[in-house]
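The next block holds one structure in the form of structure tokens; read it before the comments.
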Amino acid sequence: MEPIRVKLSTGREVIVDENAIRVLNEYVRTQMTLEQLARRLGLTSWEEAYELVKQIPSYVMWTPVSIYSKQVQ
């Protein structure tokens, strides 16, 4: 299984790797804001973070990193 690639309207392509999964796991399980999510993922604004969250399937955000890394290999 290949890593998920998300193309944002700004032209930026985000590759959802293990680091991104860790951050997204924290985002869905805590009260992390979109501004914090954008900062942690290296995005320019909360709007990009919001667009990323909308495009990624929810099961990906809730999947533990250990399980996700086995699926990608």
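The values are calculated or read from the model by the stated rules, or taken from the named source; none is laboratory data. None of these values were measured; they are calculated from a predicted model. Every residue, glycine among them, receives a Cβ derived from its backbone with ideal geometry; neighbour counts consider all protein chains shown. Note: accessible area is taken over every heavy atom of the protein model, side chains too, but ligands, DNA and RNA are not part of it. Shrake-Rupley method; radii C 1.70, N 1.55, O 1.52, S 1.80 Å.
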Open item on the list: Step by step: first the residues of the stretch 42-73, then only those that are part of a helix (DSSP H, G or I) and touching a strand residue (DSSP E or B) at 6+ places or on another chain (Cβ under 7 Å), then the one that is most open to solvent (accessible area, probe 1.4 Å). Which residue is that?
Closed with: Gln55
- [ ] Name every residue in the stretch 29-41 that is loosely packed, with under 14 Cβ neighbours inside 10 Å and touching a helix residue (DSSP H, G or I) at 6+ places or on another chain (Cβ under 8 Å), in order of residue number.
- [x] Thr33, Glu35
Open item on the list: Show the residue pairs meeting these rules: Cβ distance below 8 Å; 6+ apart or different chains; first residue within the stretch 51-62 and at pLDDT below 90; second residue outside any helix (DSSP H, G or I) and surrounded by 15 or more Cβ atoms within 10 Å (Cβ to Cβ).
Closed with: Val60/Ile4; Val60/Val16
Open item on the list: Could you go through the stretch 2-23 and let me know if any residue there is touching a strand residue (DSSP E or B) at 6+ places or on another chain (Cβ under 9 Å), of a type in the set (A, V, I, L, M, F, W, C), open to solvent by less than 80 Å² (accessible area, probe 1.4 Å) and without any contact (Cβ under 8 Å) to a residue 24 or more places away in the chain.
Closed with: yes
